[in-house]
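The values are calculated or read from the model by the stated rules, or taken from the named source; none is laboratory data. This one's a predicted model, so the numbers in the text were calculated from it and none came from an experiment. Methodologically, a virtual Cβ is constructed for each residue, glycine included, from the backbone with ideal geometry; neighbour enumeration extends over all protein chains shown. Side chains included, ligands, DNA and RNA excluded: accessible areas come from the protein's heavy atoms. Shrake-Rupley method; radii C 1.70, N 1.55, O 1.52, S 1.80 Å.
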Amino acid sequence: MKLFIDDADIDAIRYLTEYYPIDGVTTNPSILAKTKRDPRETLKQIRSVIGEERTIFVQAVAADYEGMINDAHMIMDLLGKNTVVKIPSVPVGFKAIAALKKEGIPTCGTAVYTAMQGYLAAKAGASYVAPYVNRIENMGYDGIQVVREIQDILDACGYDCQVLAASFKNSRQVKELAAYGIDNVTCSADIIKGFAKNAAIDGAVEDFISDFQALTGVTSMTDLK
């Protein structure tokens, strides 16, 4: 399962890509708005931090078909290869996804709340579909189950499309989807950091160092004389 950072905080992205096995970054207009900067500069800085080998997802903001196509071209020109254009999974979005597919521009059908939305985006030609797990939960439905249903539909139909599960509240939700074999998840920086944040973990590491120091008088193997 690939792991993406759903954030535009440059410091957090820099830290996570240095220490964690991160595959890329996802953004949306709301995430970019939190930076209070020109989104183009933020996106170029993210690309600089993560490098060309990792993938960045950027959303077309326009609500009309021509605008979505123009936004997609601008995003690709700005960020180059390993860039995926996010398109809302609505009727005009399906049209844009199909057109961009013909141009060879990879897309992600986003704002997915139902399994049938995911199906339509995949059938239109999206490379990814992004169901919003916790937002679905907040509506009173089972977000984990919706993601599983989308994965099952994609597998059964044989579409060349992957699930990119998004909108998580906690690591338990991520764990359940990882165990199911979902291809990709994207989480906030704080949730990713929480995967390995536990007082018991820190205590175990400290005990190992303390015991080694008690035995040898040093705190690393290379310090042994």
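Taking a Cβ cut-off of under 15 Å around LYS2, the surrounding Lys, Arg, Asp and Glu residues balance to a net charge of -3, with basic ones at +1 and acidic ones at -1. What GluC sites (Glu not before Pro) in region 1-81 are in a loop by DSSP, with at most 11 other Cβ atoms within 10 Å of the Cβ? When the GluC sites (Glu not before Pro) of region 1-81 are filtered for loop state and at most 11 Cβ neighbours within 10 Å, GLU53 remain. Taking a virtual spin label 7 Å from the Cα of TYR65 along the C-beta vector, which residues in region 89-118 bring their backbone nitrogen under 17 Å of it? Counting only backbone N, you get 89-103.
I need the fraction of alpha carbon pairs in the chain separated by more than 24 Å, rounded to a whole percent. Pairs farther apart than 24 Å: 48 percent. Across ALA165, ALA156, ALA122, mean-square fluctuation computed from a Gaussian network of the chain (C-alpha pairs under 10 Å connected) peaks at ALA156. Counting only protein heavy atoms and a probe of 1.4 Å, the accessible surface of the chain is 52% carbon and sulfur.
Sites listed here are chymotrypsin sites (Phe, Trp or Tyr not before Pro) in region 161-198 whose DSSP assignment is loop and whose Cβ has at most 16 other Cβ atoms within 10 Å: PHE195. In the context of the full set of protein chains, the chain has a per residue accessible area of 52 Å² (1.4 Å probe).
For region 1-86, trypsin sites (Lys or Arg not before Pro) meeting the loop criterion (DSSP other than H, G, I, E, B) and having at most 12 other Cβ atoms within 10 Å: LYS34, LYS36, LYS81. Summing Lys and Arg as +1 and Asp and Glu as -1 over all other residues whose Cβ lies under 11 Å from the Cβ of SER171 gives a net charge of +3.
Computed from the C-beta positions of GLU206 and ASP183 and an R0 of 45 Å, the FRET efficiency is 0.80 to the nearest 0.05. For VAL25, the residues whose amide H sits under 5 Å from its own are ILE5, THR55, ILE56, PHE57, ignoring neighbours fewer than 5 places away on the same chain, with H placed 1.01 Å from N. With a 10 Å cut-off between alpha carbons and a GNM built on the chain, which of ARG148, ARG172, ARG135 moves the most? Among ARG148, ARG172, ARG135, the largest mean-square fluctuation in the Gaussian network model of the chain belongs to ARG172. In this view, the solvent-accessible surface of LEU224, computed with a 1.4 Å probe and all protein chains in place, comes to about 80 Å². Model label sites at ALA196 and LYS81, defined 7 Å from Cα along the beta-carbon direction, differ in position by 2.9 nm.
The alpha carbon centroids of region 90-129 and region 172-197 are separated by 24 Å. When the chain is treated as a Gaussian network with alpha carbon springs shorter than 10 Å, the biggest mean-square fluctuation among PRO29, PRO106, PRO131 belongs to PRO29.
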